[in-house]
Amino acid sequence: MKLSSEEKRILAGEQGEVMAKVMKTLVMYGDTFGAERMAKVTGGKGHLVTSFGLSVMKPVYALMDTLIEAGALSGQQFTVDPRPLDPKVPSGALEKLLFKVMYSKQTAYEAQLKKIGLVNDDGFTCTCYMNEVGNVPRKGDVLSWAESSAVVYANSVLGARCNRNSGIIELFGSIAGKVPYFGFLTDEGRKATWIIEVKTTKKPEPQLLGSAIGMKVMEEVPFIKGLDKWIGTDLSRNTEKGRAAADYLKDMGAATASNGAVGLYHAEGLTPEAKTSGKSLIVKGAKTYIIDDAELERVKQNYPCIWKNTAVSPVLCFIGCPHLSVDQLKSWTARIEGALAQNGKEKLSIPTVFTAAPGVLKEFRKLPDAEKLTNTGAVLSEICPLMYMNNPLCAKKPVITNSNKLRTYTSSRYYTDDEILLKITGGETQ
Ligand code: F3S
């Protein structure tokens, strides 16, 4: 890799031994992926994936102490993924005890994050790019992020440039203000090698469409045709239509990134680069994947359910992985109210947790909808459902979700939004 004289001086120890190691790590990482040089991080804020104070992550805490002592702090402030704990989320006594032991380092770790550059106490969410959170990259910004759902959103919906980095590497990029120039940072790396033709007869479920695309293209870049027919061509978060389309792509993208390893997609007539460059983004010889109703059904039917007893009634439902927007919370409130009235009920029949960013929940709580939703027994939380599920006790619980990411990484069972609505409002007994 060709380094600038400043980068060479840092590597030689001009800013101390710890900064030299930070730079050395980034250079080794870049060399591994054939990077030509370093690129300057230009996005306003970073975003870290490691938000949890797991007691076993001792090397991370030691590393954080080393960075803090050496003054190797983040050159930019950062947001971080959601917290793993929230006492409001229904849990048994044994689970509570387990969480206490598992995440015994949470408070100490959060103190370390603050010293290094965490934006504030409300910076814990995977949807850092929402206006209410304020970590919104501009088109062309170079980022040092790792959370896969946020990276795919920033690259695709906002037109920023970020690789699917791993945890800690993204922190090092924020500290140094540099990231290796390869992959999605380059024009070539942003070209599509797959054409996806959406030919459904109705608006496809975003979580299913993303899952189908992800499992087909894996880490390659798809160019999606036919989606504008269903969600329009506006992606501005300043209009209702634009926010709805952006939320759709948020959920679809998270599924592409977790069911496969997609870090960037283009949607014809919709996403910023597809709007400006169109089909010139597609490489010669790109493969084609046609998605129709039957294909989506095939994908859904093939999801394994790893519950011991698949006939058992669910004990918990998570909605909001990735975290929900204010509009999505409002929409769920209206749909739940309507369905409960139709089913002659007042309360949800399955304990249901709606998760969103702290800033989003603050805005939502200003609306009458928040009280309406919590009056049904629903819980509003800032938690990461995956962190909640990721232990032997919760893994045994029959939990349902509308998130294809949560289904992929945990024992939870996936249902579409309509199916979930029926189940939690008592329209279906199981
Ligand atoms: Fe966000 Fe946690 Fe899901 S980080 S995307 S809520 S797994």
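Odds and ends about this structure:
- Residues satisfying the stated conditions in the stretch 1-21, i.e. without any contact (Cβ under 8 Å) to a residue 24 or more places away in the chain and open to solvent by less than 40 Å² (accessible area, probe 1.4 Å): Gly13, Ala20
- Candidate set from the stretch 146-180 (those that are part of a helix (DSSP H, G or I) and more than 16 Å from the ligand (Cβ to nearest atom)); member that is surrounded by the fewest Cβ atoms within 10 Å (Cβ to Cβ): Ile169
- Residue within the stretch 317-333 that is outside any loop (DSSP other than H, G, I, E, B) and open to solvent by 50 Å² or more (accessible area, probe 1.4 Å) present: yes
- Flag if Thr107 is assigned to a helix (DSSP H, G or I), closer than 30 Å to Gly377 by Cα and open to solvent by 20 Å² or more (accessible area, probe 1.4 Å): yes
- Within the stretch 342-370, residues that are assigned to a helix (DSSP H, G or I) reach partners that are open to solvent by 10 Å² or more (accessible area, probe 1.4 Å) and acidic (Asp, Glu) with beta carbons closer than 7 Å, at six or more positions or on different chains, in the pairs Pro358/Asp122; Pro358/Glu382; Gly359/Asp122; Gly359/Glu132; Val360/Glu132; Leu361/Glu382; Glu363/Glu132.
- Candidate set: the stretch 273-291, residues that are under 19 Å from Ser156 (Cα atoms) and aliphatic (A, V, I, L, M); chosen: the one surrounded by the fewest Cβ atoms within 10 Å (Cβ to Cβ): Val283
- Residue under evaluation Ala261, criteria (1) touching a Gly at 6+ places or on another chain (Cβ under 7 Å); (2) within 30 Å of Val89 (Cβ to Cβ), criterion not met: (1)
- Considering the stretch 205-245, the residues that are open to solvent by less than 10 Å² (accessible area, probe 1.4 Å) and farther than 20 Å from Asn259 by Cβ include one that is farthest from the chain's Cα centre (by Cα), namely Gly242.
- Tallying residues that are open to solvent by less than 20 Å² (accessible area, probe 1.4 Å) and hydroxyl-bearing (Ser, Thr, Tyr) within the stretch 417-430 yields 1.
- Any chance Ala294 is surrounded by fewer than 16 Cβ atoms within 10 Å (Cβ to Cβ), more than 20 Å from the chain's Cα centre (by Cα) and without any contact (Cβ under 8 Å) to a residue 60 or more places away in the chain: yes
- One residue stands out among those in the stretch 22-68 that are open to solvent by 30 Å² or more (accessible area, probe 1.4 Å) and assigned to a strand (DSSP E or B): the one that is farthest from the ligand (Cβ to nearest atom), which is Arg37.
- If only residues of the stretch 375-394 that are under 19 Å from Pro82 (Cβ atoms) and assigned to a helix (DSSP H, G or I) are counted, the one that is farthest from the ligand (Cβ to nearest atom) is Cys394.
- Residue check, Thr310 crowded, with 19+ Cβ neighbours inside 10 Å and either polar (S, T, N, Q) or not in a strand (DSSP E or B) (or both): no
- Residues of the stretch 354-377 satisfying the condition of being open to solvent by less than 40 Å² (accessible area, probe 1.4 Å), in contact with a helix residue (DSSP H, G or I) (Cβ under 7 Å, 6 or more places away or on another chain) and over 8 Å from Leu329 (Cβ atoms): Thr355, Thr376
- Residue in the stretch 146-159 that is more than 19 Å from Gly214 (Cα to Cα) and touching a strand residue (DSSP E or B) at 6+ places or on another chain (Cβ under 7 Å) present: no
The values are calculated or read from the model by the stated rules, or taken from the named source; none is laboratory data. All figures in this text were calculated on a predicted structure; none of them were measured in a lab. All Cβ positions, glycine included, derive from the backbone under ideal geometry; neighbour counts span all protein chains shown. The accessibility values were calculated without ligands, DNA or RNA, using every heavy atom of the protein model including side chains. Shrake-Rupley method; radii C 1.70, N 1.55, O 1.52, S 1.80 Å.
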